[in-house]
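One structure is given below, encoded as structure tokens.
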Amino acid sequence: MKLFPHGHATHPQWRMAAGLVLAQLRALMALPEYASAPTLGLLYITDHYAGQAREILDHLSAELPEVIDWAGTVGIGVAANNAEYFDEPALSVMLCELPGDQYRVFSGVAPLSSNLGFEPHTALVHADAQTPDLAELIAELAEGTETGYLFGGIAASRTQTVQFAVGGNGNVRGQGAASGVFSGGLSGVAFGAGVPLVSRITQGCRPVAPERLVTEADGNVLLKLDDKPALDVLLGDLNISMDQPREALAVVRRTLVGLSNPGEESVGRTGNFGADVVVRHIIGLDPGRRGVAVAEKVHLGQRAAFCQRNAEAARADLVRICAEIREELEPEELPQTTAAELAASYEDAAPHPARRIAGAVYVSCTGRGGPHFGAPSAELQAVRRALGDVPLVGFFAGGEIARHHVYGYTGVLTVFTNTA
């Protein structure tokens with residue numbers, strides 16, 4: 001598997017941005033270490049371009065006729081190698097050269113279950129937040145894969161919410177004359193066992209109190225934690241009092257709840273949440289029942305810990321998952337010349353096959369991005385420093401998907417590996 005060509009650009013006019021991206025893609029496709037015959041394109045646009053989604057897809061498809069399959073969606077921002085475009089008109093594209101029998105594009109009108117004879121191993125998923133029973137649909141889709149592992153995110157747009165799903169000859173089989181631009185439901189790409197992937201989740205919140213056992217709940221209202229009234233536990237853990245309601249509510253608004261199921265990892269050795277924790281907002285207080293309402297249905301036996309967003313913890317955890325991926329993929333011994341090339345500073349480094357990464361997809365929360373990490377593109381620069389210079393594409397989502405969960409305030413980093 002060779003390196004995947006990738007390109008990204010911003011411009012008030014989408015045609016200008018597309019032209020810049022196409023120039024980057026063609027220049028890389030001409031290099032021997034890059035894929036020269038890709039067939040799958042991953043396309044992410046910011047919501048500034050959402051109204052021109054169909055024109056953008058048609059233009060790229062016409063300019064790159066060898067790429068017969070497309071998938072992607074819209075975000076408040078898009079991610080690229082060492083850069084992010086947040087709240088500005090931009091697009092980011094990566095072209096993947098994969099065996100044709102090892103992936104399938106799917107959408108609501110051409111569901112994955114219709115691909116008879118294809119055994120999905122994992123799947124990149126894009127979703128619309130307005131889809132009814134979204135969490136159940138994602139869990140069902142995960143059950144339909146051999147590993148149960150999904151990765152991706154929920155589209156985020158202040159205008160139109162669109163998804164791209166095109167498979168073979170310009171259309172997904174079964175969708176008729178549809179253009180490949182959709183609204184609602186799920187879409188994405190399922191990959192077979194012959195497409196090796198490594199994926200990690202990085203959390204953006206840190207617990208500010210011990211985790212507790214949910215001992216009584218009613219729907220989405222926590223009533224008791226460790227057999228104590230949940231509201232009393234919240235006030236005690238945050239060291240606040242309702243005698244000073246303005247100050248107390250200001251602290252509560254900055255506080256979220258991390259939830260995990262029995263037997264799942266919650267707080268790791270570093271004090272950060274583990275990958276099994278889903279973070280949800282506190283959406284109300286119930287003084288009458290001494291309860292705390294959260295944006296998730298809660299169940300007896302779950303673990304809950306109050307938490308807050310923490311930029312330092314988010315940065316450290318992001319570096320950690322990148323290091324884990326590098327350690328898993330890079331061989332223990334390298335020729336001296338190759339080791340020297342990989343050891344170059346990140347400003348001077350170039351994508352190298354020895355990293356065993358053909359390309360990467362990074363989906364981050366709209367609540368993270370440059371502002372949370374301290375500067376424009378700081379999050380993606382941290383990825384490059386820690387993971388190395390690899391082709392990368394992605395977007396800033398309204399919720400992140402990993403395995404069968406929908407997360408918040410997280411980043412999901414997935415790499416296509418070449419361990420041959």
Report, in deg cm²/dmol and to the nearest 500, the calculated mean residue ellipticity at 222 nm for the chain, where each DSSP H run with n ≥ 4 adds -39500 (n - 2.57) and the sum is divided by the residue count.
-> -7000 deg cm²/dmol
Give me the orientation-averaged projected area of the Cα convex hull of the stretch 129-242, in nm², one decimal.
-> 11.9 nm²
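May I ask you to give the solvent-accessible area per residue for the chain, in square angstrom, as obtained with a 1.4 angstrom probe?
41 Å²
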Using only alpha carbon positions, build the gyration tensor of the stretch 101-165, then give the equivalent ellipsoid semi-axes as the square roots of 5 times its eigenvalues, largest first, whole angstrom.
-> 22, 13, 11
For the chain, find the longest principal axis of its Cα atoms and tell me its angle to the long axis of helix 53-63, 0 to 90°, nearest 10.
-> 30 degrees
Cα-Cα P(r), the stretch 58-125, percent of pairs per 10 Å interval | 15, 39, 36, 10, 0
Ordered by residue, what ³J(HN,Hα) values in Hz, to whole numbers, does the stretch 202-219 give under the Karplus form 6.51 cos²θ - 1.76 cosθ + 1.60, where θ = phi - 60° and Gly and Pro are x?
-> 10, 8, x, 10, 10, x, 10, 7, x, 6, 10, 8, 6, 10, 7, 8, 9, x
Computed from the beta carbon distance with a Förster radius of 22 Å, FRET efficiency for residue 36 and residue 16 to the nearest 0.05 stands at 0.30
To one decimal place, what orientation-averaged projected area in nm² is obtained for the convex hull of the Cα set of the chain?
-> 20.8 nm²
Which one of 153, 261, 129 has its Cα pushed farthest toward the positive end of the charge dipole of the chain, where Lys and Arg give +1 and Asp and Glu give -1 at the Cβ?
-> 129
Tell me, for the chain, which Cys residues have no other cysteine's C-beta sitting closer than 4.7 Å.
-> 96, 322, 365
To the nearest 10 square angstrom, what accessible area does residue 16 show with a 1.4 Å probe?
-> 100 Å²
Dipole magnitude (debye, nearest 20) for the chain, charges at Cβ of Lys, Arg, Asp, Glu | 680 debye
Between the stretch 9-82 and the stretch 129-157, the alpha-carbon center distance in angstrom = 24 Å
Between beta-carbons, use under 15 Å as the cut-off and find the net charge around residue 126, counting Lys and Arg +1, Asp and Glu -1.
-> -3
Toward the positive end of the charge dipole of the chain, about the Cα centre and with charges on Cβ (Lys, Arg +1; Asp, Glu -1), which of 372, 80, 139 goes farthest?
-> 372
Enter the angle in degrees (range 0 to 90, nearest 10) between the Cα long axis of helix 378-387 and the first principal axis of the Cα atoms of the chain, meaning the one along which they spread out most.
-> 70 degrees
Carbon and sulfur %, accessible surface of the chain computed with the full protein complex present, 1.4 Å | 50 percent
Using modelled amide H (1.01 Å from N, peptide plane; none on Pro or chain starts), what sits under 5 Å from the amide H of residue 402, excluding residues fewer than 5 places away?
-> 407
Residue 328 and residue 232 label points (each 7 Å along its Cα→Cβ direction) are spaced in nm at 4.4 nm
Residues listed by number, the stretch 32-51, amide nitrogen under 20 Å from residue 129 label point at 7 Å toward C-beta = 44-51
Long-range amide H partners of residue 302, meaning residues 5 or more apart or on another chain whose placed amide H is closer than 5 Å, are 214
Along principal axes, Cα extents of the stretch 25-138, largest first, whole Å | 42, 38, 26
Give the calculated FRET efficiency between residue 251 and residue 147 to the nearest 0.05, with a Förster radius of 35 Å applied to their Cβ-Cβ distance.
-> 0.30
Under a cut-off of 15 Å between alpha-carbon atoms, report the aspartates and glutamates in cross-link reach of residue 297, not counting same-chain residues fewer than 8 places apart.
-> 133, 136, 216, 218
Around residue 418, which amide H atoms from residues at least 5 apart in sequence, or from another chain, sit under 5 Å from its own amide H, with H modelled in the peptide plane?
-> 357, 358
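The values are calculated or read from the model by the stated rules, or taken from the named source; none is laboratory data. From a predicted model like this one, the values you see are computed outputs, not experimental measurements. So basically every Cβ, Gly included, is an ideal-geometry build from the backbone, and we count neighbours across all protein chains shown. Please note that ligands, DNA and RNA were not included when accessible areas were found on the heavy atoms of the full protein model with its side chains. Shrake-Rupley method; radii C 1.70, N 1.55, O 1.52, S 1.80 Å.
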